[in-house]
Amino acid sequence: MGLRGGCGIGGEQVDMATSLPPNQQLAAPGRWPVVGEKGPRKSDAPWTVSVGGLVARPRAWSLEELRALPWVERVVDIHCVTRWSKPDARFGGIEMRTLLDACGTLAEARFVSFVARSERDHSTSLPLDDAFRLGALIALDYEGAPLEEIHGGPVRIVTPERYFYKSVKWLERIEVLADDRLGYWEREAGYHNVADPWNEQRYIASEIDRVVLRKALESRVFTGADFRGIDARGRDLAGLDARGALLRNADFREANLTGARFDGANLSNAHLQNAKLGGASFRDADVEGADFREADLRGVDFTGASLFGATFVDASGGSAARIDDAAQLDVASLDGLAPEQRQWIERQETRG
Ligand SMILES: Nc1nc2c(c(=O)[nH]1)N[C@H]1C(S)=C(S)[C@@H](COP(=O)(O)O)O[C@H]1N2
Ligand SMILES: [Mo]
């Protein structure tokens with residue numbers, strides 16, 4: 001974990017203030033959530049990692065050949081864009097640089113794209129300079145053992161100091177490019193292409209047609225709309241129908257959302273602090289990383305919702321949401337909460 005602002009003075013042990021990037025929370029100790037695709041594309045072909053594009057000598061390496069290259073171990077803090085962080089993850093593998101040097105990167109090369117052996121040919125990209133400077137790692141091991149398949153085994157990219165979507169699982173191909181090629185999440189979901197967690201580069205704002213938005217706000221019908229990052233702060237949207245809407249990073253602070261329907265909607269990283277959500281329904285919604293501090297959640301329905309990294313209370317216990325017995329929550333979904341969030345929910349449950 002990046003230790004910032006703590007040091008020993010005069011031989012005394014001073015509490016080392018460990019710090020996280022803005023608006024991140026620690027995942028429960030020992031827990032490593034799975035995000036995105038759950039496995040590689042089925043194939044009988046032996047696994048290889050190839051390097052192509054703007055290189056003098058394209059080639060492929062088998063896993064055995066990779067393991068024979070100069071090995072490095074690196075301790076990395078994982079920061080997921082949905083606000084959980086997992087410090088001190090130890091990965092073992094090969095520097096990306098080792099492969100590129102072996103292939104001879106051409107002078108025009110500026111970007112690198114990592115492509116997965118997965119159903120959607122998932123990919124992500126980095127400026128070549130960043131990939132070198134940050135020490136992008138072709139990881140085969142985690143904590144001294146082969147990386148589990150669900151976390152990208154047999155081989156994934158690990159890019160330190162970037163949100164974890166810059167770390168592609170099931171790496172099959174590295175393409176060296178003159179011009180950038182947006183990755184899957186960057187293209188499909190508006191994830192920020194730089195992804196520096198210390199600068200909170202999570203999303204780029206989507207372009208929303210003003211007329212469409214005004215009509216939607218007046219009629220309180222958002223069904224299926226793409227309103228990522230909208231500013232609905234303080235609005236009266238009681239009874240809103242937002243089923244299936246894309247509302248990542250939307251700002252609903254202080255809004256009246258009494259009885260609103262968000263079933264199947266995507267509200268990851270939405271800001272719902274102080275919102276009135278009494279009787280609102282979030283069935284099967286994605287509320288990963290959403291912030292519900294001081295919100296009124298009485299009678300809310302979170303059945304089937306994904307709650308990874310959601311916030312209900314300050315780490316200090318202040319600014320808590322309001323919840324009651326009528327609220328519906330799957331016990332399994334509590335697994336994705338940071339420990340203090342989970343404890344807070346459990347305390348509310350046992351209270352009455
Ligand atoms: N092939 C592939 N790689 C991927 C993804 C994916 O869906 N497919 N998701 C990305 C995202 S958004 C994250 S946060 C991390 C999650 O890695 P984990 O499941 O090991 O925690 O993988 C990244 N790499
Ligand atoms: Mo992610």
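The values are calculated or read from the model by the stated rules, or taken from the named source; none is laboratory data. What you see is a predicted model; the values in this text were computed from it and never measured. Here the Cβ positions follow ideal geometry from the backbone for every residue, glycine too, while neighbour counts run over all protein chains shown. Just the protein is used for accessible areas: all its heavy atoms, side chains included, with ligands, DNA and RNA removed. Shrake-Rupley method; radii C 1.70, N 1.55, O 1.52, S 1.80 Å.
If you build a Gaussian network model of the chain, linking Cα atoms that sit under 10 Å apart, which residue out of 317, 135, 299 swings the most?
Of the options given, 317 has the highest mean-square fluctuation.
What is the ratio of the Cα radius of gyration of the stretch 265-329 to 2.2 N^0.38 Å, with N the residue count, to two decimals?
Cα Rg divided by the expected 2.2 N^0.38 Å: 0.99.
Could you list the trypsin sites (Lys or Arg not before Pro) in the stretch 13-100 that lie in coil according to DSSP, counting only those with at most 16 other Cβ atoms within 10 Å of their Cβ?
Listed in order of number, the matching sites are 31, 38, 41, 42.
For residue 188 and residue 101, what does the FRET efficiency come to when R0 = 30 Å and r is the distance between their Cβ atoms, rounded to the nearest 0.05?
Efficiency for this residue pair is about 0.40.
What's the center-to-center distance, using Cα atoms, between the stretch 50-103 and the stretch 185-229 in Å?
Cα centroid of the stretch 50-103 versus Cα centroid of the stretch 185-229: 32 Å apart.
So what are the ³J(HN,Hα) numbers for the stretch 42-57, from phi and the Karplus equation (6.51, -1.76, 1.60; θ = phi - 60°), rounded to whole Hz, Gly and Pro as x?
For the stretch 42-57, the Karplus-derived couplings read 5, 7, 8, 5, x, 5, 9, 10, 10, 10, x, x, 7, 10, 6, 10 Hz, x marking Gly and Pro.
Of all the accessible heavy-atom surface of the chain, with the other protein chains kept in place and a 1.4 Å probe, what percent is carbon and sulfur?
Roughly 48 percent of what the probe reaches on the chain is carbon or sulfur.
Under a Cβ-Cβ cut-off of 10 Å, what is the net charge of the residues other than residue 171 that fall near it, where Lys and Arg count +1 and Asp and Glu count -1?
Here the count lands on +3.
Could you list, in their original order, any pairs among 86/276; 86/169; 166/276; 42/86 whose Cα atoms are separated by more than 24 Å?
86/276; 166/276; 42/86
For the stretch 167-172, in order, what is each residue's ³J(HN,Hα) by Karplus, 6.51 cos²θ - 1.76 cosθ + 1.60 with θ = phi - 60°, in whole Hz (x at glycine and Pro)?
3J(HN,Hα) across the stretch 167-172, in whole Hz: 10, 6, 8, 6, 5, 10.
Report the relative contact order of the chain, percent, no decimals, based on alpha-carbon pairs under 8 angstrom and at least 6 residues apart.
After rounding, I find 11 percent.
Write down the Kirkwood hydrodynamic radius of the chain, to one decimal in angstroms, obtained as one divided by the mean of 1/r over all alpha carbon pairs.
21.8 Å
Could you pull out every residue, at least 5 positions away or on a different chain, whose amide H is within less than 5 Å of the one on residue 226? Hs are placed 1.01 Å off N in the peptide plane, and Pro or chain starts have none.
246
Using the crude model of +1 on Lys and Arg Cβ and -1 on Asp and Glu Cβ, and no other charge, please compute the dipole size for the stretch 205-352 relative to its Cα centre, in debye to 20.
400 debye
Between 318, 92, 52, find the one with the highest GNM mean-square fluctuation for the chain; connect C-alpha pairs within less than 10 Å.
318
Which GluC sites (Glu not before Pro) from the stretch 188-282 combine a DSSP loop assignment with at most 12 other Cβ atoms within 10 Å?
207
Just need the relative contact order of the stretch 52-107 here, percent rounded to a whole number, with Cα pairs under 8 Å and 6+ apart.
With pairs under 8 Å counted, the relative contact order is 44 percent.
Of the residues 123, 62, 43, which exhibits the maximal mean-square fluctuation in a Gaussian network model of the chain defined by a 10 Å Cα contact cut-off?
Top of the fluctuation ranking is 43.
With the dipole of the stretch 7-183 worked out from charges on the C-beta (+1 for Lys and Arg, -1 for Asp and Glu) around the Cα centre, which of 105, 46, 126 lies farthest toward the positive end?
Toward the positive end, the furthest listed residue is 46.
Would you kindly derive the ³J(HN,Hα) couplings of the stretch 234-239 from the backbone phi angles with the Karplus curve 6.51 cos²θ - 1.76 cosθ + 1.60 (θ = phi - 60°), listing them in order in whole Hz, with x for Gly and Pro?
x, 7, 8, 10, 4, x
Quick one: which residues, 5 or more positions from residue 53 or on another chain, have an amide H under 5 Å from its amide H? H modelled 1.01 Å from N in the peptide plane, none for Pro or chain starts.
176
In percent, how large is the relative contact order of the stretch 238-350, given Cα pairs closer than 8 Å and 6 or more residues apart?
Relative contact order for the stretch 238-350 comes out at 19 percent.
Could you check the spin-label model distance between residue 347 and residue 57? Points 7 Å from the Cα along Cα→Cβ, value in nm.
About 6.3 nm, to one decimal.
Simple spin-label model, 7 Å along Cα-to-Cβ: residue 236 to residue 132 in nm?
6.0 nm
Roughly how big is the stretch 289-342's charge dipole about its Cα centre, with Cβ charges of +1 (Lys, Arg) and -1 (Asp, Glu), in debye to the nearest 20?
Dipole size: approximately 40 debye.
Let me make sure I get this right: for the stretch 87-170, a, b and c are the square roots of the gyration tensor eigenvalues over alpha carbons, sorted descending. Under 1.5 in a/c it's rounded, otherwise prolate if a/b > b/c, else oblate. Which is it?
Prolate shape, in that a/c is at least 1.5 and a/b is the bigger ratio.
Using the heavy atoms of the protein chains alone and a 1.4 angstrom probe, what is the accessible area of the chain per residue in square angstrom?
For the chain, the solvent-accessible area averages 45 Å² per residue.
How many angstrom separate the Cα center of the stretch 282-352 from the Cα center of the stretch 132-160?
If you average the Cα positions of each part, the centres end up 32 Å apart.
Which net charge results when you count Lys and Arg as +1 and Asp and Glu as -1 among the other residues whose beta-carbon is under 14 Å from that of residue 52?
+2
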